[in-house]
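Right, one structure below, let's go through it.
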Ligand SMILES: [Zn+2]
């Protein structure tokens, strides 16, 4: 009998005895737990162990890039800020959840607020894509 890992989707061996494993490894079990608790951790105040404001800057800069992307071809990864500094996008589900929580905290930021409708529409398109019939995990 075979199951698939809840994090990476790879097959997980199961002997048929005891509770079936949900993850292929301890690392992926840990990552699954991080994802389940990421929302709560991301919304914690900074002085209570929450993320500092550094990731917020990435979200703000990404907003500007998206504005330009409407006319320009897609930026290569890692993308470049207006300052010329490269930045990287969140790499996995945990980082995306944290970045979106940071965005929610920063909607009144002067580099976001004037573009809030564009950002909201981008979030809605992302939610639609997330809920559409998802392809199998790689
Ligand atoms: Zn796995």
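Bear in mind these aren't lab numbers, they're just calculated from the coordinates by the rules spelled out. From a predicted model like this one, the values you see are computed outputs, not experimental measurements. With ideal geometry, Cβ positions are generated from the backbone for all residues, glycine too; neighbour counts draw on all protein chains shown.
Radius of gyration over Kirkwood radius for the range 1-43, both on Cα atoms: the Rg/Rh ratio is 1.09. So if we plug the beta-carbon distance of residue 83 and residue 118 into 1/(1 + (r/R0)^6) with R0 = 25 Å, what FRET efficiency do we get, rounded to 0.05? Once the sixth-power term is evaluated, E becomes 0.75.
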